[in-house]
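Visitor: For reference, the structure I am asking about is given below.
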Amino acid sequence: SEKEGKTPVYKNATDVYRTGVVSDPQVVSAANGYRLATESEWEWAAKGGTKTHGYTYSGHPLAAAAGIATLEVYQQEGLFARAHALSPVWEAAVHSLCDAPFVIDVRNLGLVAGIELEPRPGLPGARAFDAFVNCFHEQDALIRVTGDIMALSPPLTISEEQIHELVAKVRRALESIA
């Protein structure tokens with residue numbers, strides 16, 4: 001399709017010509033620094049210009065072999081079935097944090113959980129960041145945060161004992177922050 005006499009070259013990368021929205025360049029593949037094209041790059045490409053690049057994520061034989069080997073291990077060790085069987089234990093454990101300080105909501109799916117914390121007034125994300133720092137330095141637990149949500153996604157090899165240990169560490173971290 002054409003808009004304002006320009007032919008989009010990378011139709012699937014963005015829908016600039018349909019919406020009329022032109023954004024600043026955006027990184028879409030951090031490994032190689034790919035980003036969506038700027039207006040001048042669109043014009044250059046429309047005149048037949050090309051950019052050569054490698055395919056970081058697709059078609060690389062070593063990456064494909066690693067992926068196949070990983071899937072074989074998952075199947076041989078029954079990791080997906082194991083994760084499914086542990087899901088009720090995980091759910092009960094993470095939902096036990098509902099009464100922990102600053103917890104607004106706990107949600108989970110399988111062995112993934114989000115623990116939403118009450119934000120500090122005027123400092124969104126600060127409370128969860130402090131919990132992250134405490135978990136790492138004081139509790140020897142590595143978690144992720146996004147805004148004021150603590151994101152937990154343990155390895156599929158986690159045991160019931162380790163689930164309870166992790167949740168206890170998260171509770172201690174929450175009790176230690178203000």
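Computed from the coordinates by the stated procedures, all read-outs in this text should not be read as laboratory data. Just so you know, these numbers come straight off a predicted model, no measurement behind them. Here Cβ is always computed from backbone atoms with ideal geometry, including for glycine, and neighbour counts include all displayed protein chains.
Visitor: Quick check: net charge around L152, other residues with Cβ under 14 Å of its Cβ, Lys/Arg +1 and Asp/Glu -1?
Guide: Values: positive: R107, R144, K169, R171; negative: E91, D105, E116, E165.
Within the 14 Å Cβ shell, the charges total 0.
Visitor: To continue, here is another question. Mind checking the dipole of the range 62-178: about its Cα centre, +1 per Lys or Arg Cβ, -1 per Asp or Glu Cβ, Debye to the nearest 20?
Guide: Details: 8 positive and 15 negative charges, 40 e Å.
Its charge dipole is roughly 200 debye.
Visitor: Also, I was wondering about something else. So how far apart, in nm, are the two label points at E72 and D140 if each is 7 Å from Cα heading toward Cβ?
Guide: Between E72 and D140, the label points sit 3.5 nm apart.
Visitor: OK, next. Give me the percent relative contact order of the range 55-178, please, defined on Cα pairs under 8 angstrom at least 6 residues apart. Intermediate results must be reported in sequence, preceding the final value.
Guide: Details: 157 pairs, mean separation 29.4, N = 124.
With pairs under 8 Å counted, the relative contact order is 24 percent.
Visitor: Extension gain D99-Q162, at 0.36 nm per residue separation less the Cα-Cα distance, in nm? It would help to have the intermediate numbers written out before the result.
Guide: On the way: separation 63, 0.36 × 63 = 22.68 nm, distance 2.07 nm.
That pair, D99 and Q162, stretches by 20.6 nm at full extension.
Visitor: Let me ask something else. Please compute the length gained on full extension between A63 and A85, using 0.36 nm multiplied by the number of residues separating them and subtracting their Cα-Cα distance. Don't skip to the end; give the middle numbers.
Guide: Values: separation 22, 0.36 × 22 = 7.92 nm, distance 2.96 nm.
Residue separation times 0.36 nm, minus the Cα-Cα distance, leaves 5.0 nm.
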